[in-house]
Amino acid sequence: MNPEAHFNLELRKFAIPEVIFGVDSRFLVGNYARKLGAKKVLLVTGPHIQKLGWADDVINSLNEAGITAILFSQILPNPRDFQVMAGAKVYLENSCDSIITIGGGSVIDCAKGIGIVATNHQGILEFEGVDKVIAPMPPIICLPTTAGTSADISQFAIINNSQAKVKIAIISKAVIPDLAILDPVPLQSMSAYLTACTGIDALCHAFEAYVSNASSHITDLNSLEAIKLVVQNLKPSIENPYDIETRTKVMMGSFYAGMAFSNASLGCVHALAHSLGGYLDLPHGECNALLLPYVVAYNFDTAPYKYTEIAKIMGLPASAGIDEARSHLPKILLELNQKVGITKTLGERGVDKALAATIAEKAFLDPCNVTNPRVPTIKDLENIIIEAL
Ligand SMILES: [Fe+2]
């Protein structure tokens, strides 16, 4: 009998923001901002999104609703603590009353950080950990232009501590935005590599939430549906970037994965990826893609039934057993990386055995380890990195 199939009677909570999902929904942002009482918003975005014209769509919609937008776009990938503080200064100096953000996960995380600092009046690094945010953020609306991070609906904000060169995780219900507008149209302008990295990030969210020791029946449903949607549609959406149907399905997969991980939390893949990404400034999704097969191998025997279920969704026959899944699932994940164009190893991205110890020490402190089904030691984390070289 499958012991992981017992109905979970433990106490669980589930929280997400209001969500608008659909083609061209970005044009509704002015209407919804007005409903939230906005008169002068800080518009947080990135230079690339401005160049593509997606930020203009938001500005025009806001202006039509009689709302003034103050632009803040000084954001790099893997958002730094000082960028958050600079954005909060602009928010306060201009007496803004709310935040609208359009961009990828880095932009949205930075916007959330600005919101935290604007109402709590402390340095952003002081909010590291679980439930450290006291005052609610100002009203905040998120429009993601990638499909993977789910910062737009999650209880997480990830900020780079620029001095310590490590990403910190801020986890709190206070970090959930008021509204997420999920429009698949801007996804069409993502490069193939960004599509791959963000898509595999979503897959990692679903994997880690599914085997998390804080998972529930609600998050399990979301995790499994996310895995199906991402596995079936990620490669087609890379091959046909303007096919709105596959873009929509990957975005829906990311949304499901986001609901799952925001409420069940994550595991060692993300703990290690936060440490790696902070130290080497590598793309978050790429770090996850390179680590997931090895964390699955490390975790497998603590959640064998759940991993076997995933392996069947990813191509093993319905008759496959635990032993077959144990030996095949890491290989299936490595093959998926190759298929979507993530072809380098961690070693080829600049990590070596000496660096593995440093990355593992920093990763050990990450709160994502708490919900990993197997409790890791620093040495375990170091060995996972060495396996992935
Ligand atoms: Fe992630």
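The values are calculated or read from the model by the stated rules, or taken from the named source; none is laboratory data. As the structure is a computational prediction, the values presented were derived from the model and not from experiment. For neighbour counting, all protein chains shown are included, and Cβ atoms are generated from backbone atoms with ideal geometry for every residue, glycine included. In case anyone asks, the SASA skips ligands and DNA or RNA and just uses the protein heavy atoms, side chains included. Shrake-Rupley method; radii C 1.70, N 1.55, O 1.52, S 1.80 Å.
Only a single criterion out of (1) more than 30 Å from ILE159 (Cα to Cα); (2) part of a helix (DSSP H, G or I); (3) open to solvent by 10 Å² or more (accessible area, probe 1.4 Å) is not satisfied by LYS249, namely (1).
Residues of region 212-223 that are touching a residue at least 60 places away in the same chain (Cβ under 8 Å), outside any loop (DSSP other than H, G, I, E, B) and open to solvent by 10 Å² or more (accessible area, probe 1.4 Å): HIS217, ILE218. Scanning for something in contact (Cβ under 8 Å) with a residue 40 or more places away in the chain, closer than 24 Å to SER223 by Cα and not hydrophobic (A, V, I, L, M, F, W, C), does region 153-163 turn up at least one residue? Looking for residues that are in contact (Cβ under 8 Å) with a residue 40 or more places away in the chain, closer than 24 Å to SER223 by Cα and not hydrophobic (A, V, I, L, M, F, W, C), one finds at least one in region 153-163, hence yes.
Select from region 174-199 the residues that are open to solvent by 10 Å² or more (accessible area, probe 1.4 Å) and in a loop (DSSP other than H, G, I, E, B) and write down the one among them that is nearest to GLU128 (Cα to Cα). The qualifying residue nearest to GLU128 (Cα to Cα) is ILE176. If you filter region 337-387 down to residues that are open to solvent by less than 20 Å² (accessible area, probe 1.4 Å) and β-branched (Val, Ile, Thr), you find that the one that is nearest to the chain's Cα centre (by Cα) is THR371.
Filtering region 33-69 to residues that are open to solvent by less than 30 Å² (accessible area, probe 1.4 Å), more than 19 Å from GLY115 (Cα to Cα) and not hydrophobic (A, V, I, L, M, F, W, C) leaves GLY53, SER61.
For residues that are farther than 29 Å from ASP323 by Cβ and in contact with a Pro (Cβ under 8 Å, 6 or more places away or on another chain), scanning just region 266-306, find the one that is farthest from the ligand (Cβ to nearest atom). The selected residue is ASP281. Per this entry, VAL166 is counted among residues that are β-branched (Val, Ile, Thr) and farther than 30 Å from ASN233 by Cα. In summary, ILE75 fulfils each of the numbered conditions (1) in contact (Cβ under 8 Å) with a residue 12 or more places away in the chain; (2) open to solvent by 70 Å² or more (accessible area, probe 1.4 Å); (3) under 30 Å from LEU282 (Cβ atoms) with the single exception of condition (2). Based on what the data block shows, is THR248 touching a residue at least 40 places away in the same chain (Cβ under 8 Å) and away from the ligand (no atom under 16 Å from the Cβ)? Answer is yes for this residue.
Has region 151-159 got at least one residue that is of a type in the set (Phe, Trp, Tyr) and within 16 Å of the ligand (Cβ to nearest atom)? So far as region 151-159 goes, yes, one or more of its residues are of a type in the set (Phe, Trp, Tyr) and within 16 Å of the ligand (Cβ to nearest atom). Taken over region 253-265, the criterion of being more than 13 Å from the ligand (Cβ to nearest atom), of a type outside the set (Phe, Trp, Tyr) and open to solvent by 10 Å² or more (accessible area, probe 1.4 Å) is satisfied by MET259, ASN263. Residues that are within 19 Å of the chain's Cα centre (by Cα) and not basic (Lys, Arg): list the strands (runs of 3 or more DSSP E) wholly contained in region 1-120 that include at least 1 such residues. Ranges flagged: 18-21, 40-44, 98-103. Taking the conditions exactly as written (within 16 Å of the ligand (Cβ to nearest atom), within 17 Å of HIS284 (Cα to Cα) and assigned to a helix (DSSP H, G or I)), does ALA202 satisfy them or not? Yes, satisfied. Across region 160-173, the qualifying residues are those that are open to solvent by 10 Å² or more (accessible area, probe 1.4 Å) and either farther than 26 Å from LEU355 by Cα or away from the ligand (no atom under 16 Å from the Cβ) (or both), and the one among them that is nearest to the chain's Cα centre (by Cα) is ILE171.
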